[in-house]
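> Can you keep this structure in mind? I'll have questions shortly.
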């Protein structure tokens, strides 16, 4: 059988071989057609996810400026030194250590940590390295292969004040925050606003992340820009936040609060813009934006001084006598008195039978204006016997008490304004007309915040419009365009203008002839009211509200100093000095003594 | 009578130069791409070294063309024996690179002697066939051919370079075919290879092949002994593969054999499967027209191991796409066909066998290498002729072509010496 096929023409074998070769090559071509044409999409995705790494390019965080554009917060570059262990020469350990001024062992340890993570990728080893050190590293670059650096931004606080409760601070995002902001592009290690403006306006401040695509080799090293960087997206810088805060006023307010606990809020009564907001004790936001020592954390979180607590918007204090103008307005509006109605003060209210309903003086027979001016308790105890609790609560809420503003930045407390339901709950065995009487002098079951006090006196100052307080004036885009936040419209107070004017006039006389006469602003007519709120822990809290100038007020203040005595000794001078500074640009030489005295006032120290 | 250079087949030389040129382009992309600074110093020099080798090949080509055919014919047994001695020498004194003890240092250069053994084997077999009367190839010639090829193959297996050894085994049916061995015998020889491949890829197909092949042999020959032999050979291979994969081979060897069938599987991911996954990603993502010279992300990121040597086809597939890959395959097909045509023009069996052996060597390399890079064959580490980085392989493959072209150019000289 083998013989039959022996004598073939070689050219037939040649043809057979050609056919076989063509089939083999054809098979490979078909295979390539399947891979490169039919399945190309599948593999291009695979190769891209393999070799292309998307890096985020962080935009510059938006700056924060005061109402006139003076810089408060911007960013500064710090440097992080990175080590790629694969390229680092261990014999240079001592050189790197001496340049960084750390012991050799620290470099060795960082190197080991970096190696454990990834020997081929740059690991951040030393953070917050100064520019001079980077300069010295660069000089020795050729001797330090595998040592690189990158710039990282840090918040820089340039103003001579903390404004901690306004500005807040940024820190590394926590795991819980990462979960909460899922889908917003945050990654571990990112910075995020934790409180204040930084938190409330995180989104506009943060800007829009950019992307840079890098070609990555099999060892994870970035070797080049992908497609020459043509697919990269430039980041969009964050918006600049323009605060309503007045730089100088805020600085003065904070300096006046040294050694004191308390809060001050200054607003523009014609708009609700907050000109200054102080809550002391506070903290330095700069410290909070750096790695924190354990002691600092401990103070921040557990100190009885509660530096985190925003006393301007969260502390609940009885307003004391500063509430009397409102009670007077209620009585006039309800018609339980006329401007001429009188009450006779014999040094206390007859229902009082005890210590609670005393007056400081024997004022005799007085009408409402004089009662405000002389701060007669008896008159206002009597008013509360004539006004029902529900009306009291309704008017108080209309004045902004007992509810949130709502403020654009930070947390607020509603405050406490009692109504009959509240008294029923608190007095299960029943209550009498005497129960709510001390509300008339701003004592008892009532709590207001300094922010609410400022809004209240501002509304009296402008003749009856309650504005929504706010801290942000506008947002400026990097391209120069401006966006304004939406501020709710002001509400009109439910009081007749004539009644408001009567009360305003009484408040003017407080400053001219009454308890505020020591702290009049020279040459400027103003109106105000002192208050002294009983504090169960230690000395009374000093409270003061005022607005100025009298005719067309441009500043209204609510000031509270904890455990510092009468309203006219601590809170009053602070308010007056701030108003003067804001209106005249300076403090008159004749008031230096008042300024020095005010600085010297201290809050009674907290018991340990 | 024509002047000698007029009979030189320039088209083959053009195809050769084109393939070497494409190889240099691909190697340049792996060494001078945008990520070149991240390469090891030794890798960065690949392109320059290959340029030197290409220059040496060009000079060698010219020298080969000057040598008369008689010298080739007479020295064939010496060349074969020399190749065997070199293989032995490498086995005894050679240097081990990448696990294979197949390198001999010669001055500053190192040679992979198993590459040169291909030349020796082709010439040796051609001499054997050429020294007999044409058309007399019987079982004895067939056994002699098998012996001549199995000897270097076994030495190379001992050098731990199974891939290269498989080229010699693959040459057996090719050389037998050209030597005029009957087709039935050839089919019996090729059947185990097909059965083995199918057994690895899809066992039911292998069983079906065994049955169909046996039936085919019976229908063709009506010879019961031959049919029984066919059944025994194919069935035996099927059983042997099954036993080898489950009982004999080590797990890593099994993985190497099986991984191409599903390279993305978890158990293969970190080993040979990684080569294949990355090679497929590179070639597949090249698409129709490729990502462009030095633009391949897989290539520039060095994702495909051995991308300038055994997996060089992934570079071409990624950066030059389907069109570039097919161009390379078409150049090879042209060269293969051309060599067969030249072989047919040379009436002398020695010359014809050299041409046939040369095209056989190329066909096996192209099929196995591209088949491996595209995951239709197991990972067998052999180079793509003329294109892969590596001086020994380039020199050996060029030598085969140069000898064939010389014999063809001087084909009229054969008549003087007869056979």
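> Against the definition (more than 14 Å from chain A (Cβ to nearest Cβ), in a helix (DSSP H, G or I) and crowded, with 22+ Cβ neighbours inside 10 Å), how does residue B:259 come out, yes or no?
So residue B:259 fits the description; yes.
> While we're on this one: Please pick out the residue among B:386, B:332 that is closer than 20 Å to residue B:57 by Cβ, in contact (Cβ under 8 Å) with a residue 12 or more places away in the chain, surrounded by 24 or more Cβ atoms within 10 Å (Cβ to Cβ) and within 9 Å of chain A (Cβ to nearest Cβ).
B:332
> Here's a follow-up. In the stretch A:376-413, what residues are free of Cβ contacts under 8 Å to residues at least 60 places away in the same chain, assigned to a loop (DSSP other than H, G, I, E, B) and farther than 25 Å from residue A:313 by Cα?
Within the stretch A:376-413, A:376, A:388 meet the criteria.
> Restricting the search to the stretch A:153-182, which residues are in contact (Cβ under 8 Å) with a residue 40 or more places away in the chain, crowded, with 18+ Cβ neighbours inside 10 Å and at negative phi?
Matches in the stretch A:153-182: A:155, A:157, A:159, A:161, A:162, A:164, A:165, A:166, A:167, A:169, A:170, A:171.
> With the condition kept exactly as written, say whether any residue in the stretch A:532-539 is within 22 Å of residue A:578 (Cβ to Cβ) and crowded, with 21+ Cβ neighbours inside 10 Å.
yes
> Go through the residues of the stretch B:109-127 one by one and say whether even a single one is touching a residue at least 60 places away in the same chain (Cβ under 8 Å), within 14 Å of chain A (Cβ to nearest Cβ) and closer than 30 Å to residue B:347 by Cβ.
yes
> Something else about it: With the condition being on the phi < 0 side of the Ramachandran plot, crowded, with 20+ Cβ neighbours inside 10 Å and in contact (Cβ under 8 Å) with a residue 40 or more places away in the chain, I'd like the helices (runs of 4 or more DSSP H) fully within the stretch B:1-76 carrying at least 3 qualifying residues.
Answer list for the stretch B:1-76: B:10-32, B:46-66.
> Filter the stretch B:147-168 down to the residues that are touching a helix residue (DSSP H, G or I) at 6+ places or on another chain (Cβ under 9 Å), within 17 Å of residue B:80 (Cβ to Cβ) and surrounded by fewer than 18 Cβ atoms within 10 Å (Cβ to Cβ) and list them by number.
B:150, B:154
> Given the structure, is residue A:126 in contact with a helix residue (DSSP H, G or I) (Cβ under 9 Å, 6 or more places away or on another chain), assigned to a loop (DSSP other than H, G, I, E, B) and crowded, with 17+ Cβ neighbours inside 10 Å?
no
> Take residue A:23 and tell me if it is within 14 Å of another protein chain (Cβ to nearest Cβ), surrounded by fewer than 14 Cβ atoms within 10 Å (Cβ to Cβ) and either in a helix (DSSP H, G or I) or modelled with pLDDT under 85 (or both).
yes
Condition check ((1) within 10 Å of chain A (Cβ to nearest Cβ); (2) at positive phi; (3) at pLDDT below 95) across all residues:
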residue: B:340; (1), (2), (3): yes, no, yes
residue: B:344; (1), (2), (3): yes, no, yes
residue: B:349; (1), (2), (3): yes, no, yes
residue: B:352; (1), (2), (3): yes, no, yes
residue: B:363; (1), (2), (3): yes, no, no
residue: B:366; (1), (2), (3): yes, no, no
residue: B:375; (1), (2), (3): yes, yes, yes
residue: B:378; (1), (2), (3): no, no, yes
residue: B:382; (1), (2), (3): no, no, yes
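> Scan the stretch B:361-377 for residues that are over 8 Å from the mean Cα position of the chain (by Cα) and either in a loop (DSSP other than H, G, I, E, B) or within 15 Å of residue B:339 (Cβ to Cβ) (or both) and jot them down.
Matches in the stretch B:361-377: B:374, B:375, B:376, B:377.
> Still on this structure, please answer the following. Working only within the stretch B:128-164, note down all residues that are within 14 Å of chain A (Cβ to nearest Cβ) and part of a helix (DSSP H, G or I).
Result: B:129, B:130, B:139, B:140, B:141, B:142, B:143.
Yes/no matrix, rows are residues, columns are (1) more than 25 Å from the chain's Cα centre (by Cα); (2) part of a loop (DSSP other than H, G, I, E, B); (3) modelled with pLDDT under 95; (4) closer than 18 Å to residue A:544 by Cβ:
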{"site": "A:480", "(1), (2), (3), (4)": "no, yes, yes, no"}
{"site": "A:488", "(1), (2), (3), (4)": "no, yes, yes, no"}
{"site": "A:514", "(1), (2), (3), (4)": "yes, yes, yes, yes"}
{"site": "A:518", "(1), (2), (3), (4)": "yes, no, yes, yes"}
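> Pick from B:264, B:203: which is more than 13 Å from chain A (Cβ to nearest Cβ) and either in contact (Cβ under 8 Å) with a residue 60 or more places away in the chain or touching a helix residue (DSSP H, G or I) at 6+ places or on another chain (Cβ under 8 Å) (or both)?
None of the others qualify; the one that does is B:203.
> Checking the conditions here, which among A:93, A:80, A:148 is assigned to a helix (DSSP H, G or I) and farther than 30 Å from residue A:245 by Cα?
A:93
> Filter the stretch A:51-83 down to the residues that are surrounded by 20 or more Cβ atoms within 10 Å (Cβ to Cβ) and within 14 Å of chain B (Cβ to nearest Cβ) and list them by number.
A:51
> Assuming residue A:46 fulfils every condition listed in (1) at the interface with chain B (Cβ under 8 Å from one of its Cβ atoms); (2) within 30 Å of residue B:348 (Cα to Cα); (3) at pLDDT below 80 apart from one, which condition is it?
(2) is the only condition that residue A:46 fails.
> Which one of these does residue A:583 not meet: (1) part of a helix (DSSP H, G or I); (2) touching a strand residue (DSSP E or B) at 6+ places or on another chain (Cβ under 7 Å); (3) within 24 Å of residue A:313 (Cβ to Cβ)?
(3)
> Residue by residue through the stretch B:91-116, note down the ones that are modelled with pLDDT under 90, assigned to a helix (DSSP H, G or I) and surrounded by 12 or more Cβ atoms within 10 Å (Cβ to Cβ).
B:91 - this is the single residue of the stretch B:91-116 that is modelled with pLDDT under 90, assigned to a helix (DSSP H, G or I) and surrounded by 12 or more Cβ atoms within 10 Å (Cβ to Cβ).
> Read through the list (1) over 30 Å from residue A:275 (Cβ atoms); (2) assigned to a strand (DSSP E or B), then give the number of the only condition that residue A:72 fails.
Here residue A:72 clears every test but (1).
> Residues being more than 7 Å from chain B (Cβ to nearest Cβ) and loosely packed, with under 14 Cβ neighbours inside 10 Å: count how many of those fall in the stretch A:11-20.
Adding up the residues that qualify gives 3.
> For the stretch B:277-318, give me the residue count where each residue is within 7 Å of another protein chain (Cβ to nearest Cβ) and either at pLDDT below 90 or assigned to a helix (DSSP H, G or I) (or both).
Number of matching residues: 14.
The rows are residues; the columns are (1) touching a helix residue (DSSP H, G or I) at 6+ places or on another chain (Cβ under 7 Å); (2) under 15 Å from residue A:61 (Cα atoms); (3) part of a helix (DSSP H, G or I).
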{"residue": "A:183", "(1), (2), (3)": "no, no, no"}
{"residue": "A:186", "(1), (2), (3)": "yes, yes, no"}
{"residue": "A:198", "(1), (2), (3)": "yes, yes, yes"}
{"residue": "A:203", "(1), (2), (3)": "no, yes, yes"}
{"residue": "A:211", "(1), (2), (3)": "no, no, no"}
{"residue": "A:214", "(1), (2), (3)": "yes, no, no"}
{"residue": "A:219", "(1), (2), (3)": "no, no, no"}
{"residue": "A:223", "(1), (2), (3)": "yes, no, no"}
{"residue": "A:228", "(1), (2), (3)": "no, no, yes"}
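> A further question on this structure: Identify all residues within the stretch A:107-117 that are under 39 Å from the mean Cα position of the chain (by Cα) and surrounded by 15 or more Cβ atoms within 10 Å (Cβ to Cβ); write none if there are none.
Matches in the stretch A:107-117: A:107, A:110, A:114.
> Has the stretch A:287-304 got at least one residue that is assigned to a strand (DSSP E or B) and either under 19 Å from the mean Cα position of the chain (by Cα) or at pLDDT below 85 (or both)?
In the first step, residues of the stretch A:287-304 are kept if they are assigned to a strand (DSSP E or B); the result is none.
Among the residues of the stretch A:287-304, not one is assigned to a strand (DSSP E or B) and either under 19 Å from the mean Cα position of the chain (by Cα) or at pLDDT below 85 (or both), which makes the answer no.
The values are calculated or read from the model by the stated rules, or taken from the named source; none is laboratory data. In this text, all values refer to a predicted model and were calculated from it rather than measured experimentally. Heads up, the Cβs are rebuilt from the backbone with ideal geometry, glycines too, and the neighbour counts pull from every protein chain shown.
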